[in-house]
């Protein structure tokens, strides 16, 4: 459809149908529309709507598959039948057999890296070599239930080191951090919301705050009938002197959290979709609020894009006793299909302290819920309750992320640690890819993107009203608001250019903004996207100019 639709014409066809659904569901409809455009106009679909990266980290995968070769040899050495059966890896002497295997495989991909991983764990943590390699062999084979169920022993060591490096700028908080390995960040979110409710830490009607724009499930889950929280949005609406978004938060809005009525704060940092890290001033303000005003505030931070900000520091580093952190390996290592994430909680945390303060009646109910796991439920930590809740309590004995997943997670974590020691080559290349795509997009639109050290660049949120004002003035921006729906932009991009982007309003961002993923297309594709976005804006401007009265 090449016709420019006014809002009156457009609403019955598309807007009313799509205005209430998630932008990720809207994306599917837009793909259908773009496919129809492709069939008619012989174009290529450019789907910049989803953040699945178009790269994979090869070295840790090579190591994984080579480790599988070793583990199968270990199984066969303990008994093999021609029908395709073998025994299980044996711990005694397995480290020496591993050394010999690696020595014989030096010319194969992954061997050198596996040797470095082994050396790191032995030298840095003085772990038992046989225990380490036995965990690895059983992990890659997947022949056992996960024990411990939260996360395997040596996997936890590697991942904790990785989180200290990537989320805490190498300066982790003092004390121990407990980890729960989950089936991706989405599973972690589900478990967190569920266990907060099951344990009466959040109940219907409780006031929570959400820093927006934000990944849509954080908007949608609190509104479900099961939860129905009283949500206050804290918008990243600060603008600079040039009238451009800084994607940071106003001090007055943050200060609302001083009220002890607010029980929890949910954050994606760096943000999705703006893709900006929280400023040091905002972090300092939140620290002050917790220390002086609202010491029981529960903070849940989702830091999946942390690796795209040099020197990033999570709120977990600044407020470890009040913050639960979710981190997913999916984006940095090109591993969305692996479903790998962890939830991190400090051993001394507000979640456990609030459990201790629950009324006797609530404690009695929780004793009944978790009584099959522990005789003294009052001593059961929140993170262990999350593990139990993830399997409806009754299946707690089979809880935990699969062993092969944890083994690949271990190798991803160690890869980043070793890469940093050897010059950060992987990280620098990753950042270079993203930044080139980002600047190609903006330059092809003819827009100016000022430098900002807090910009991750994994996504870009483009507020078309801001640029409408800069290019054509306030009158044109008013014309857009009055005559068109914000969804008209994503609709036209799909039907006229076979380009799929997401509407920023669906993330509780500016209504006229669009989200472009910089992760999943080629650099030259972003030049095409930029030109198409600018072309749509210019076509609105042409219609506006024709509507102006003729001055004689």
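Between 255, 160, 233, the distinction of being surrounded by fewer than 17 Cβ atoms within 10 Å (Cβ to Cβ) and in a helix (DSSP H, G or I) belongs to 255 only. Out of all the residues in the stretch 237-247, which are in a loop (DSSP other than H, G, I, E, B) and in contact with a strand residue (DSSP E or B) (Cβ under 7 Å, 6 or more places away or on another chain)? Of everything in the stretch 237-247, those that are in a loop (DSSP other than H, G, I, E, B) and in contact with a strand residue (DSSP E or B) (Cβ under 7 Å, 6 or more places away or on another chain) turn out to be 246, 247.
Anything in the stretch 360-376 that is under 32 Å from the mean Cα position of the chain (by Cα) and modelled with pLDDT under 95? List them, or say none. Scanning the stretch 360-376 gives a single hit, 373. The criterion of being surrounded by 16 or more Cβ atoms within 10 Å (Cβ to Cβ), within 24 Å of residue 481 (Cβ to Cβ) and either assigned by TED's automatic domain parsing to the domain that holds residue 478 or free of Cβ contacts under 8 Å to residues at least 12 places away in the same chain (or both) holds for residue 511.
Assessment of the stretch 491-498 against the conditions (part of a loop (DSSP other than H, G, I, E, B), in contact with a strand residue (DSSP E or B) (Cβ under 9 Å, 6 or more places away or on another chain) and in the same structural domain as residue 540 (by TED's automatic domain parsing)) yields at least one matching residue. For residue 410, state whether it is touching a residue at least 40 places away in the same chain (Cβ under 8 Å), farther than 28 Å from residue 273 by Cβ, crowded, with 19+ Cβ neighbours inside 10 Å and not assigned by TED's automatic domain parsing to the domain that holds residue 167. Yes; evaluated as a whole, the condition is true for this residue. The single condition among (1) within 24 Å of the chain's Cα centre (by Cα); (2) more than 18 Å from residue 461 (Cβ to Cβ); (3) buried (at least 23 other Cβ atoms within 10 Å of the Cβ) that residue 498 does not satisfy is (1).
The residue pairs whose first member lies in the stretch 365-380 and is assigned by TED's automatic domain parsing to the domain that holds residue 198, whose second member is exposed (fewer than 12 other Cβ atoms within 10 Å of the Cβ) and part of a loop (DSSP other than H, G, I, E, B), and whose beta carbons are closer than 8 Å, counting only pairs six or more residues apart or on different chains, are 372/394. Residues in the stretch 197-222 that are part of a loop (DSSP other than H, G, I, E, B), closer than 30 Å to residue 238 by Cβ and in contact with a strand residue (DSSP E or B) (Cβ under 8 Å, 6 or more places away or on another chain): 202, 206, 213, 214, 215. Consider the stretch 317-348. How many of its residues are farther than 30 Å from residue 430 by Cβ, in contact with a helix residue (DSSP H, G or I) (Cβ under 8 Å, 6 or more places away or on another chain) and surrounded by fewer than 22 Cβ atoms within 10 Å (Cβ to Cβ)? Total meeting the criteria: 1.
Annotation note: of 477, 527, the sole residue that is modelled with pLDDT of 90 or more, touching a helix residue (DSSP H, G or I) at 6+ places or on another chain (Cβ under 6 Å) and surrounded by fewer than 19 Cβ atoms within 10 Å (Cβ to Cβ) is 527. The sole residue among 273, 295 that is touching a helix residue (DSSP H, G or I) at 6+ places or on another chain (Cβ under 7 Å) and part of a loop (DSSP other than H, G, I, E, B) is 273.
Got at least one residue in the stretch 427-438 being touching a helix residue (DSSP H, G or I) at 6+ places or on another chain (Cβ under 6 Å), in contact (Cβ under 8 Å) with a residue 24 or more places away in the chain and assigned to a helix (DSSP H, G or I)? Yes, the stretch 427-438 has at least one match.
Looking at the stretch 390-402 only, could you name the residues that are surrounded by fewer than 22 Cβ atoms within 10 Å (Cβ to Cβ) and at negative phi?
391, 394, 395, 396, 397, 398, 399, 402
The values are calculated or read from the model by the stated rules, or taken from the named source; none is laboratory data. None of the values given here were measured: they were computed from a predicted structure. Glycine also receives a Cβ, built like all others from the backbone with ideal geometry; neighbour counts cover every protein chain displayed.
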